Amino acid sequence: AIATIIRDYNSGQVIQELLQNCDDARARNVTFVLDKRKKCCQVNNALDPFLGPALLQYDDAVFLPKDFASLQKTGDSNKKMDPTSTGKFGLGFNSVYHLSDMPLFISGEVMCLLEPHKRIFRSADGLPSTG
């Protein structure tokens, strides 16, 4: 799914897609920051290669349970079925895979790190995690 995203969509669409998500979520305030630091913090040694410069986005909307479920389906969108959605024709959050292999976001009290390649987070048996 990620290969298709990279192949079929222009990386210049990322900001537009994120703004459409904000509109769909009824956010009233949106801010973007380009963090050029090479490494912002120490989280976990396995994550070090992924803690480089980052595009940060803040908005005042909070994810609903259906939003978290949708993000777990890389390359798919629940908005396709919603005729009122600004982003119903777009790529939405999936566009961030142009910028990062492991996008991270915080919504309300939940921090979510998406790692579709399953290279870092593994199950107890050492195999890539499925959830």
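The values are calculated or read from the model by the stated rules, or taken from the named source; none is laboratory data. Only a predicted model underlies this, so the values are computations on that prediction, with no experimental measurement involved. Cβ: placed from backbone, ideal geometry, glycine included. Neighbour counts: every protein chain shown. Surface areas here come from the heavy atoms of the whole protein model, side chains and all, with no ligands, DNA or RNA. Shrake-Rupley method; radii C 1.70, N 1.55, O 1.52, S 1.80 Å.
Can you name every residue in segment 102-115 that is more than 21 Å from P53 (Cβ to Cβ) and either assigned to a loop (DSSP other than H, G, I, E, B) or among the hydrophobic types (A, V, I, L, M, F, W, C) (or both)?
Taking segment 102-115 as the starting set, the residues that turn out to be more than 21 Å from P53 (Cβ to Cβ) are 107-110.
If the condition is that a residue be more than 21 Å from P53 (Cβ to Cβ) and either assigned to a loop (DSSP other than H, G, I, E, B) or among the hydrophobic types (A, V, I, L, M, F, W, C) (or both), then G108, E109, V110 are the ones that fit.
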(Q) Looking only at segment 55-79, count every residue that is modelled with pLDDT under 85 and surrounded by 12 or more Cβ atoms within 10 Å (Cβ to Cβ) and tell me the total. (A) 10
Q) R119 versus (1) assigned to a loop (DSSP other than H, G, I, E, B); (2) over 15 Å from the mean Cα position of the chain (by Cα); (3) surrounded by 11 or more Cβ atoms within 10 Å (Cβ to Cβ); (4) at pLDDT below 55: which is the lone unmet condition? A) (4)
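For residues in segment 35-54 being over 23 Å from I2 (Cα atoms) and not basic (K, R), which is modelled with the highest pLDDT? Let's see the steps before the verdict.
Pass one, segment 35-54, residues over 23 Å from I2 (Cα atoms): 35-45.
From what is left, the residues that are not basic (K, R) are 35, 40-45.
Working: D35: 88, C40: 65, C41: 66, Q42: 66, V43: 66, N44: 67, N45: 71.
Checking each candidate, the answer is D35.
Quick one: which residue in S107, S85 is at pLDDT 85 or above and either of a type outside the set (D, E) or open to solvent by less than 70 Å² (accessible area, probe 1.4 Å) (or both)? Steps first, please.
Values: S85 fails: at pLDDT 85 or above.
Only one candidate passes the filter, namely S107.
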